[in-house]
Number of protein chains: 2
Amino acid sequence: MKRPLILVTNDDGITAPGIRALVSVARELGDVVVVAPDSPQSGMGHAITVSDPIRLHPSDVYEGIEAYECSGTPVDCVKLAKHIVLKDRKPDLCVSGINHGSNASINIIYSGTLSAAMEASLEGIPSIGFSLLDYSHNAHFEPAKPFVKQLMEYVLAHGLEEGSLLNVNIPNLEEGQIKGLRVCRQAEARWDEEFTVAEDPRGQKYYWLTGRFVNEDKGDDTDIWALQNDYVSVVPSMHDLTNYRAFKSLKALESL
Amino acid sequence: MKRPLILVTNDDGITAPGIRALVSVARELGDVVVVAPDSPQSGMGHAITVSDPIRLHPSDVYEGIEAYECSGTPVDCVKLAKHIVLKDRKPDLCVSGINHGSNASINIIYSGTLSAAMEASLEGIPSIGFSLLDYSHNAHFEPAKPFVKQLMEYVLAHGLEEGSLLNVNIPNLEEGQIKGLRVCRQAEARWDEEFTVAEDPRGQKYYWLTGRFVNEDKGDDTDIWALQNDYVSVVPSMHDLTNYRAFKSLKALESL
């Protein structure tokens, strides 16, 4: 039987521990091609590089695996993978991550990890973005691996609805403490932000973003609820931002 | 009566003709504060600056108007406007644009213009992203202005559903040729992309993104349809990317 082709990317850069963990699971399930940023790209959202050239170089980070590092954003990586690296080879699955830190709730719109997965879904490739709720470089990915594998196997076997992706977040727990998977909606949470203000060595003022995540969504069907209750959260996501509920009230606009 | 407070931003940079047109309309309707990027930020999507300091400087580009230029992304501009510039003054409306070029359909996810508007909507500020279907620096914004004004007046008078924003695209037509406003859904269109491959002066290969917009959505309720039929398209949009339709088929995951 032909082994599936799995495209792996991320936003923390090609050498991050999270993508190494993801590659180690992916290579058990299929033939792997890695195209990932050559430097960390956190918070890049769905940014693309349009005003500058992009570089793409083969990488020998992963022994026995075809890998490339790219100077662009996570979304650029997926576009280059499709058009330059893979060309006529269409991946059966794209996985992005494992991100160091949560991409639950509203974080999906700021996340390079999830934007890469969404870009793949726009190209008709079933895709999953994985994140572990541990921001440290030395995050412990082992307990996450069985769930990562399970979800990849599921999507390889069943596919996903056209244009759909999964936003998967994994609680930072030891093996055996994670209770299972929950299919959820994106919680209505937000960032309560502030800026650190300081002066640089030349006396010029600068601002640095910082903030605190606030969940005011009391639903027990959200990703935040699942994570707080020791489940892996799985949010089926897509790229249609239309707010269909607002149509009725706005119809008056048409007779202005 | 107290004049409304209107926050103006964009992604083409504080001196772009499009934001000048927007400011000229906004100042007729209220007190205006401008916080916009100091350089073009097209294609930045919902990127935020987390690993670097951000600069913010007063600008005298707009006579008699409080304005600031920011070294960050469009989303950074909105965050700095809220937390540093405005503090206790909450805007009644945020407008972003007028973008030089379409942000209809899938372009919303790559667009700095719309991401700035979405960021404002996340902060509870009713917001509108405006785009004109003319990519040139010398784009002719005059015919767009009456529609821009009409929509700003409507949202100032009626507000928008919490967390909602409007993605407004304006056809590139002469005055009198635009038929009116249409409330639409985001068309299911996509980019058919390729990369230009070339060598730099040092013989190193580079890639440059290019592409062609393809609409395969035949619906007459989409933004692309409206624009092709000489209407201004108004897509009510939001930040919830949950694909609710996919829940049923994915429930099986919970019993894995």
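Of note:
- Shown here are the Rg and Dmax of the Cα trace of segment B:1-114, at 13.3, 44 Å.
- With a simple spin-label model that places each label point 7 Å from the Cα along the Cα-to-Cβ direction, the separation between B:HIS140 and A:ASP52 comes to 3.6 nm.
- Centroid-to-centroid separation of segment A:178-242 and segment A:25-63 [C-alpha atoms, Å]: 24
- B:ASP60 paired with B:GLU216, simple spin-label distance in nm, labels 7 Å along Cα-to-beta-carbon: 5.5
- Gyration tensor (alpha-carbon) shape descriptor, chain B, a/c threshold 1.5: rounded
- Net charge dipole size for chain A [Lys, Arg +1 and Asp, Glu -1 on Cβ; Debye, nearest 20]: 480
- The mean sequence distance of close C-alpha pairs (under 8 Å, at least 6 residues apart), as a share of the length of segment B:58-162, puts its relative contact order at 26 percent.
- Residues in segment B:213-245 that a label on A:GLU162 would reach, taking backbone N under 20 Å of a point 7 Å out along Cα→Cβ: B:213-225, B:242-245
- In sequence order, calculated HN-Hα J values of segment B:5-16 (Karplus, 6.51, -1.76, 1.60; Hz; x Gly/Pro): 9, 10, 8, 10, 9, 6, 10, 8, x, 5, 9, 5
- Qualifying trypsin sites (Lys or Arg not before Pro) for segment B:68-163 [loop in DSSP, other Cβ within 10 Å: at most 13]: B:LYS87, B:ARG89
- Sparsely packed trypsin sites (Lys or Arg not before Pro) within segment B:170-250, loop by DSSP, other Cβ within 10 Å at most 16: B:LYS179, B:ARG202, B:LYS218
- Here chain A is scanned for GluC sites (Glu not before Pro) in DSSP loops (not H, G, I, E, B) that have at most 12 other Cβ atoms within 10 Å, and the longest stretch holding none of them is A:64-161.
- Amide H partners (placed H, <5 Å) of A:ALA67, local residues excluded: A:VAL34, A:SER59
- Counting, for every residue in B:204-212, the Cβ atoms of other protein chains within 10 Å of its Cβ and taking the mean gives 6.
- Each Lys and Arg Cβ is given +1 and each Asp and Glu Cβ -1; about its Cα centre, segment A:199-256 then shows a dipole of about 360 debye.
- Rounded to whole numbers, the Karplus 3J(HN,Hα) couplings from phi for segment B:204-210 are 8, 5, 9, 10, 9, 5, 9 Hz, using 6.51 cos²θ - 1.76 cosθ + 1.60 with θ = phi - 60°, and x at Gly and Pro.
Bear in mind that the values in this text are calculations on the coordinates, not laboratory data. In this text the structure is predicted, and so the values were computed from the model without any measurement. Cβ: placed from backbone, ideal geometry, glycine included. Neighbour counts: every protein chain shown.
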